[in-house]
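The values are calculated or read from the model by the stated rules, or taken from the named source; none is laboratory data. Quick caveat: nothing in here was measured; it's all calculated off a predicted structure. In this analysis, Cβ positions are derived from the backbone assuming ideal geometry, glycine residues included, and neighbour counts consider all displayed protein chains. Protein only, heavy atoms only, side chains kept; ligands, DNA and RNA dropped before computing areas. Shrake-Rupley method; radii C 1.70, N 1.55, O 1.52, S 1.80 Å.
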Amino acid sequence: MNVLVTGGCGYIGSHMTLSLIENDYEVVVLDNFSNSSLESLKRVEVLTGKKVNFIEGDVCDKVLLKHIFSQYNIDHVLHFAGLKSVGESVNKPLQYYENNVLGALSLCHVMDQVGVRNLIFSSSATVYGDAKIMPIHEGIPTGSPTNPYGRSKLMIEEILNDLVKADLGWSVGILRYFNPVGAHPSGVIGEDPNDIPNNLVPFISQVAIGLRKELSIFGNNYDTFDGTGVRDYIHVMDLVDGHLKAMKKISNKTGLEIWNLGTGNGYSVLEIVKAFENASGKKVPFKFVSRREGDVASCWADATKAERELNWKAKCSLVEMMEDTWRWQSNNPNGYKTS
Ligand code: WQD
């Protein structure tokens, strides 16, 4: 079975590529290095002992996509390529809509033309907007996302819904991630943002290793038990396992299905700081600052649909998430930038 992984050099994409190879899939990776490096793929090859077919390029490039589908007999597409920072999207909406929405449109257009219609789409819990009732299940209205990143993901979901209605030959799985964190237990691959980390855990990790002075906590006056934002953090290896199960599930049926990939547990920013300090043995200095635009107070998953229909449940604990993050960071103080 041949799988095209767009964004396969990125944080989640590289962990997915590793797991696909370990499960005897043939993998083709497309990546433009907008938030990744080839080093991640080189390390996947070392870990698996297998060469990975790699093409550098942009998922918006339909000519390149056609070339890939003509070169490789692709059966499934896992679409990770996209910009993913809530905070950044507020300041760069055009970049987010062009990259995320146009990228997905280009991909679907070419897939339709070449007759490959098995697609897993990396969506996000941000499509739920400021949901008031926790835990969040797939049936609640997707409300209005509070930022361009979330709106771009919701637009793509709508596009996929319309595509499947128009052509029942498609098999689409939409996976709504909550907050992916952690790293492969080997410590060889992990999350390595190109610039200042927008997300909490990589930022904390860089404070612990001494790359950053202190953590700014965006608001401590939310309506949560300790005033800081609550999120559902899920280990990237659990997330990857959810993709494998979803890919198998949609290969046996047409239509579109949506699954939350979360643990069902919410942790506050302060709880994550504490958990990371315990896992790393390092102090993480922080200060409270004003809220970040686009943030919601709380967001955690009802993941029972994936448990029921995919026979999938997140297994990794918060301790494992923090310990695996720290192993990656302490083994690679400069990420993939080999000194
Ligand atoms: C988590 C909490 C912040 C940074 C993420 C991804 C998005 C999507 C959904 C996959 C919030 C607080 C953060 C910092 C802080 N994932 N924080 N200081 O915004 O929930 O969204 O999950 O598709 O791609 O961005 O994650 O890690 O940015 O924030 O206080 O320096 O940590 O306010 O409460 P978020 P995050």
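Of all the listed residues (70, 123), the sole one being surrounded by 15 or more Cβ atoms within 10 Å (Cβ to Cβ) and among the polar types (S, T, N, Q) is 123. Filter segment 276-311 down to the residues that are hydrophobic (A, V, I, L, M, F, W, C), away from the ligand (no atom under 13 Å from the Cβ) and over 19 Å from the mean Cα position of the chain (by Cα) and list them by number. Answer for segment 276-311, where residues must be hydrophobic (A, V, I, L, M, F, W, C), away from the ligand (no atom under 13 Å from the Cβ) and over 19 Å from the mean Cα position of the chain (by Cα): just 279. Hey, which of the helices (runs of 4 or more DSSP H) in segment 65-133, taking only ones fully inside, have at least 1 residues that are within 16 Å of the ligand (Cβ to nearest atom) and within 17 Å of residue 178 (Cα to Cα)? Passing ranges, in order: 86-91.
Matching residues to (1) modelled with pLDDT under 95; (2) open to solvent by less than 40 Å² (accessible area, probe 1.4 Å); (3) in contact with an Asp or Glu (Cβ under 9 Å, 6 or more places away or on another chain):
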{"position": "7", "(1), (2), (3)": "no, yes, yes"}
{"position": "16", "(1), (2), (3)": "no, yes, no"}
{"position": "29", "(1), (2), (3)": "no, yes, no"}
{"position": "34", "(1), (2), (3)": "yes, no, yes"}
{"position": "57", "(1), (2), (3)": "no, yes, yes"}
{"position": "86", "(1), (2), (3)": "yes, yes, yes"}
{"position": "96", "(1), (2), (3)": "no, yes, yes"}
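When segment 312-333 is filtered for residues that are farther than 26 Å from residue 150 by Cα, small (Gly, Ala, Ser) and either within 15 Å of the ligand (Cβ to nearest atom) or surrounded by 14 or more Cβ atoms within 10 Å (Cβ to Cβ) (or both), only 330 remains. Looking across segment 248-286 at every residue that is at pLDDT 95 or above and among the charged types (D, E, K, R), the one that is most open to solvent (accessible area, probe 1.4 Å) is identified as 283. Scanning segment 190-209 for residues that are small (Gly, Ala, Ser), away from the ligand (no atom under 13 Å from the Cβ) and within 17 Å of residue 274 (Cα to Cα) turns up just one, 208.
Please enumerate the residues belonging to segment 89-103 that are β-branched (Val, Ile, Thr) and within 12 Å of residue 156 (Cα to Cα).
101, the sole residue that qualifies.
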